[in-house]
Amino acid sequence: PTGRLTRARRLLEQAERVLVLTGAGISAESGVPTFRDPMTGLWAHRRPEELATPEAFAHDPRLVWEWYEWRRAQLRACAPNAAHHALAEWIAASPGGRRLYTQNVDGLHHRALEERDKPIPDGAHPRTLHGDLFGNRCSHCAWTERAREPLDTSSEHTLPRCPDCGGAVRPAVVWFGEALDTELLEQAMSDAQRADVCLVVGTSALVHPAASLPRIVDRSGGVIIEVNPQPTPLTAEAAVHIAGAAGAVLPELLM
Ligand code: APR
């Protein structure tokens, strides 16, 4: 592992442009459950693919909102971990050449940046490919808001409606079967084409198009560094795979 760490560090030092892609695994040490690892607790018997879809919301909005409210409550009790902090410092140190794209909707990258208590440089903000768990938006019009209070999910009639058009309010996240924001995705692909290194942390690399970003970096002449205790479909393509927990590896790798 030390040899791999050294190699990865050298690749990062030599790189002019780095694209970082994170997934649920980077927040595991903050206590946020991942999606595809065996889960315990209330929703263990539900697959995200059954709840995080437009069809599920149309069919049973109360059930979907209950799940999201449960996740919001869980997250309010979580804090960024050593991996989020190390990454926030590292990106803020050179925001021109380092871009952070995350599949996570938990807001922990953003909170780590804010907790530095220093001005956030332009370009250092995480780019949230799958949206924001604490955002609400209308399913019909462009209305959005920041979710502050827990919602009353006791019945379908207490669920929020859009103040502008009366449409059903939904979480501002990207569901299975939905398209990512076009502009953001185009930016991500163009950053991937230009990146010398793709640092991939804590993702099973199964959900596209996010999972294609490292492959674009690889095909465009860059290399992949992967941090994940488990192998993934990307591991065979990675120049370096560091099999460890993000909270232990990133502070070492990015110091
Ligand atoms: N450090 C690093 N990686 C970890 C850690 C850790 N401490 N703990 C677990 N992992 C790894 C797991 O080995 C796994 O490969 O994190 C990965 C988590 O994978 P998933 O649960 O599939 O999460 P992710 O890849 O982010 O899922 C992608 O799927 O449900 C959708 O939209 C949702 O953004 C999500 C997308």
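The values are calculated or read from the model by the stated rules, or taken from the named source; none is laboratory data. In this text the structure is predicted, and so the values were computed from the model without any measurement. Reconstructed Cβ throughout: ideal geometry from the backbone, glycine too, with neighbour counts over all protein chains shown.
Points worth noting:
- Put simply, of Val18, Val32 the only residue that is within 16 Å of the ligand (Cβ to nearest atom) and either under 18 Å from the mean Cα position of the chain (by Cα) or under 27 Å from Leu185 (Cβ atoms) (or both) is Val32.
- Exactly one residue among Arg76, Arg98, Arg36 is at pLDDT below 95 and under 20 Å from Thr203 (Cα atoms), and that residue is Arg36.
- In the set Ala77, Ala44, only one residue is more than 16 Å from the ligand (Cβ to nearest atom), exposed (fewer than 15 other Cβ atoms within 10 Å of the Cβ) and either touching a residue at least 60 places away in the same chain (Cβ under 8 Å) or farther than 30 Å from His140 by Cβ (or both); that residue is Ala77.
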